[in-house]
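The values are calculated or read from the model by the stated rules, or taken from the named source; none is laboratory data. These numbers were taken from a predicted model, which means no experiment stands behind them. We place every Cβ from the backbone using ideal geometry, glycine too, and count neighbours over all the protein chains shown. Remember, those area values only see protein heavy atoms, side chains included, never the ligands or the DNA or RNA. Shrake-Rupley method; radii C 1.70, N 1.55, O 1.52, S 1.80 Å.
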Amino acid sequence: MSTSGMVTPVLWLLVAELLLSESFTQRTGDSLHVCPGGCICASDLLSCVSQSLFLVPPGLPATATSLDLSHNSLHQLQDNWLAQLPRLHTLRVSHNHIRHISVRTFHNASQLTHLDLSSNRLRSVEKHFFQELTNLQELLLYNNQIVRVDSEALLRLSNVQKVYLSWNQLTDFPFSALQEGSLPQLKVMDISSNNLSSIPVDKVIALPQTIKNGLYLHNNPFMCDCTLYNMFLHWEKSGFNSVHDFREEHTCMALRQPKALLRFLKHRKMFENCTSAALGLIGMVDASFKGVVGEPLLISCNTSLQGEQTTYLWISPNMELITYTGSANQMFKLYSNGSLEIRKAQKENSGVYTCMAINEQLMRNESREVNVTVHYPKHDGEGFNTGLTTLLGCVVSLVLVLMYLFLTPCRCWCRPPQNPTLPNECSAQSSILSATPPCNDDAGRKASSGKHVVFLEPVKDCQNGKIRLAISEEFPEVKNPKIQQLKSDSDSTSSIFSDTSIMH
């Protein structure tokens, strides 16, 4: 046998072995880096957008850090399906038909930081939905059909910074879940464009300053209310982004009519009778302190951030920055625990102060608003003198009234007898000067033939000033410009000086 015939089979064996090894390596490599049909794989990015998927495709590459499954027909996400993607930190499943999330949907997904479930068909946000996502920073749930959010649904999201719940059907929201310490990193909570007709203003006011700055509540069918208006007005004056960015979209319904929407931050004349602007500011602060002019005043910054790693700064009502080195006018002193001392308080120091606590180690900051009112000191002696003066004035007035009532002028019987032929002028004078009518023995007047006028005059015979109806005679014209001549009958004089005008 020739040598050439023996070499040929050996070469064929070597070629076949080489081909088999390459095929095995290719299959092994494909099993690690397979790209589903219709999807786009680029390095660690995987996009399966608009592929009419009803289920998540199996065998996804384990190197993917970002997965986009939006604009498909997914009705659910399988349990433990993210176990094959240990590096995944961004997941987009928007514009699908997902109605519910099981307990183990996001199991083994603790590295996920961005989750987009917007534009689906979720009806509620339950407690177990996101309890595994302890490192989640952004949660997008807008444009669903959510009518309820469980009060504990967000409690495990200790690192979440932004939550978007706009364009849903919420009629209520658990604002207590946003209280101090529960979501320390939260900066944006968007609940705009829902069905909220009212909110617990007292709970919303008590929220941390950083959350209120990013609490978006616009485009809700709120009922027009002065307290709500004052809160948003205060937020606008504080420069909160939630109001500043959507100023004209803050509306309320007047008279519970959907068509009677008012842009209350734009048309403020409709709310002029609510309260004064000062009350709107003072009612929204976290604490209040009162001081006296000329005396030192210490105000505290009550935040949950304490310790040596926490630094503080204050902003005065005049937007003056106050730090540990003091301020330009050296009127303030800032202590290491965050307390601020106004050394000699003045009337112009009144207003709303803002305290900011910063902890770089925890990467957190908090702020508080404090209302300060400085008034002039009250002098006890001055208050006593004012009260005594008022009391003496009342006593003097009472004495004068008593003198006017009881110390009448001398009556006719205390004077020497007069000529009986002259008219009894003393009787007329006494009736003028005395509050008590004179005591005469004359008989009552008889009505004459020309009686027109009816008026009231004191009853005679010393009846203590009781009023009776009397009829006056028709007085003839008198040429004398003086008061008509007094008749001998004292009743005529009494009618002239009566308080009631004579009617003809």
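Inspect all residues belonging to segment 348-358 and state whether any of them is over 22 Å from Lys237 (Cβ atoms), open to solvent by 40 Å² or more (accessible area, probe 1.4 Å) and at pLDDT 75 or above. Yes; the residues of segment 348-358 include at least one that is over 22 Å from Lys237 (Cβ atoms), open to solvent by 40 Å² or more (accessible area, probe 1.4 Å) and at pLDDT 75 or above.
A single entry from Asn329, Asn385, Asn318 fulfils the requirement of being at pLDDT below 85, under 23 Å from the mean Cα position of the chain (by Cα), of a type outside the set (Asp, Glu) and on the phi < 0 side of the Ramachandran plot: Asn318. Considering segment 98-112, the residues that are out of contact with any strand residue (DSSP E or B) (no Cβ under 7 Å at 6 or more places or on another chain) and crowded, with 18+ Cβ neighbours inside 10 Å include one that is nearest to Asn194 (Cα to Cα), namely Ile98. Summed over segment 51-85, residues that are open to solvent by less than 80 Å² (accessible area, probe 1.4 Å) and part of a loop (DSSP other than H, G, I, E, B) total 20.
One residue stands out in segment 332-347 among those that are closer than 17 Å to Cys301 by Cα and polar (S, T, N, Q): the one that is modelled with the highest pLDDT, namely Ser339. When Leu139, Leu133 are checked against the criterion of being farther than 20 Å from Ile199 by Cα, open to solvent by less than 50 Å² (accessible area, probe 1.4 Å) and at pLDDT 95 or above, a single residue qualifies: Leu139. With respect to the stated conditions, Leu46 is of a type outside the set (Asp, Glu) and touching a Cys at 6+ places or on another chain (Cβ under 9 Å). For beta carbons closer than 6 Å, sequence separation of 6+ or different chains, a first residue in segment 227-256 that is acidic (Asp, Glu) and a second that is open to solvent by less than 20 Å² (accessible area, probe 1.4 Å) and assigned to a helix (DSSP H, G or I), the qualifying pairs are Glu236/Val243.
The rows are residues; the columns are (1) polar (S, T, N, Q); (2) closer than 30 Å to Pro221 by Cα.
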{"site": "Asn120", "(1), (2)": "yes, yes"}
{"site": "Lys127", "(1), (2)": "no, yes"}
{"site": "Leu133", "(1), (2)": "no, no"}
{"site": "Lys162", "(1), (2)": "no, yes"}
{"site": "Phe175", "(1), (2)": "no, yes"}
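In segment 291-327, of all residues being β-branched (Val, Ile, Thr) and more than 15 Å from Gln209 (Cβ to Cβ), the one that is surrounded by the fewest Cβ atoms within 10 Å (Cβ to Cβ) corresponds to Thr325. Restricting segment 180-202 to residues that are polar (S, T, N, Q) and within 23 Å of the chain's Cα centre (by Cα), the residue that is surrounded by the fewest Cβ atoms within 10 Å (Cβ to Cβ) is Asn195.
With respect to the conditions (1) open to solvent by 30 Å² or more (accessible area, probe 1.4 Å); (2) part of a loop (DSSP other than H, G, I, E, B); (3) closer than 22 Å to Ala357 by Cα, Ser151 lacks only one, and its number is (3).
Within segment 154-179, how many residues turn out to be open to solvent by less than 70 Å² (accessible area, probe 1.4 Å), out of contact with any Phe, Trp or Tyr (no Cβ under 9 Å at 6 or more places or on another chain) and in a loop (DSSP other than H, G, I, E, B)? Qualifying residue count, segment 154-179: 7.
Among the numbered conditions (1) out of contact with any Asp or Glu (no Cβ under 7 Å at 6 or more places or on another chain); (2) open to solvent by 30 Å² or more (accessible area, probe 1.4 Å), the only one that Asn220 does not meet is (2). Of the residues that make up segment 27-48, is at least one over 18 Å from Leu112 (Cα atoms), surrounded by 11 or more Cβ atoms within 10 Å (Cβ to Cβ), modelled with pLDDT of 90 or more and among the hydroxyl-bearing types (Ser, Thr, Tyr)? No, segment 27-48 contains no residue that is over 18 Å from Leu112 (Cα atoms), surrounded by 11 or more Cβ atoms within 10 Å (Cβ to Cβ), modelled with pLDDT of 90 or more and among the hydroxyl-bearing types (Ser, Thr, Tyr).
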